[in-house]
Amino acid sequence: MGANATGKSGKSAGFSEQERAAMKERAAELRKESGRGRGDKAAADELDVLSKIAEMEAADRAVAERIHAVVTSAAPELAPKLWYGQPAYARKGKVVCFFRSGKGDKERYSSFGFTPAANLDDPGGLWPTSYAVVELTAKAEETIADLVRKAVS
């Protein structure tokens, strides 16, 4: 349940255990960032992302590794970093796209998404901001690469 959910008594049920854990991870990330010098921050952030990916269950790890390779190849200007405890890719400190582990989120699928910092707005007024990812085919990798290139254009 989210922060706006209410129980039978009409009182706020508060954040779920999963939401609290994500907020704690984000707070730890911010503390870690504030303690790093400028020179080694990018390398340390990428190491954090790769370590997080290595901790994932095998299926999510395989997808996350491929997404990491696709994103960093398609947009080398994006900097890998953790965001709410999950791999993300930022430009000038603002997250543009991210991967969410389905197993880590206790969902039936993982997802790859974009934030409002991504340049994906469609003049038609409707565009997707998140995609379910169960496996990555060559076509899916190509789609992700195209979207990431557009997001940073």
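The values are calculated or read from the model by the stated rules, or taken from the named source; none is laboratory data. If you're wondering where the values come from, they're calculated on a predicted model, not measured in any experiment. Counting neighbours? That spans all protein chains shown, and the Cβs are built from the backbone with ideal geometry, glycine included.
Quick notes
- Condition check for PRO123: modelled with pLDDT under 95, of a type outside the set (Lys, Arg) and either touching a His at 6+ places or on another chain (Cβ under 7 Å) or surrounded by fewer than 14 Cβ atoms within 10 Å (Cβ to Cβ) (or both): yes
- Beta carbons closer than 8 Å, at least 6 apart along the sequence or on distinct chains, pair a first residue in segment 127-153 that is over 24 Å from ASP105 (Cβ atoms) with a second that is charged (D, E, K, R) for VAL152/GLU77; VAL152/ARG91.
- Any hit, segment 52-67, residues being surrounded by 11 or more Cβ atoms within 10 Å (Cβ to Cβ), in contact with a Phe, Trp or Tyr (Cβ under 8 Å, 6 or more places away or on another chain) and modelled with pLDDT under 80: no
- Filter result for ALA145 (surrounded by 18 or more Cβ atoms within 10 Å (Cβ to Cβ), at pLDDT 95 or above and aliphatic (A, V, I, L, M)): no
- Residue satisfying all of: in segment 87-108; of a type outside the set (D, E, K, R) and at pLDDT below 95; farthest from LYS32 (Cα to Cα) among these: GLY102
- Subset of segment 76-99 (residues that are touching a Ser or Thr at 6+ places or on another chain (Cβ under 8 Å) and under 16 Å from LYS24 (Cα atoms)): GLN86
- Of all residues in segment 7-34, those satisfying the criterion of being part of a loop (DSSP other than H, G, I, E, B), modelled with pLDDT under 70, surrounded by 10 or more Cβ atoms within 10 Å (Cβ to Cβ) and not hydrophobic (A, V, I, L, M, F, W, C) are GLY7, GLY14.
- Any chance GLY85 is within 20 Å of ALA22 (Cβ to Cβ), of a type in the set (Gly, Ala, Ser) and touching an Asp or Glu at 6+ places or on another chain (Cβ under 9 Å): yes
- In segment 90-110, residue surrounded by the most Cβ atoms within 10 Å (Cβ to Cβ) [restricted to those that are touching a residue at least 12 places away in the same chain (Cβ under 8 Å) and farther than 25 Å from ALA43 by Cα]: SER110
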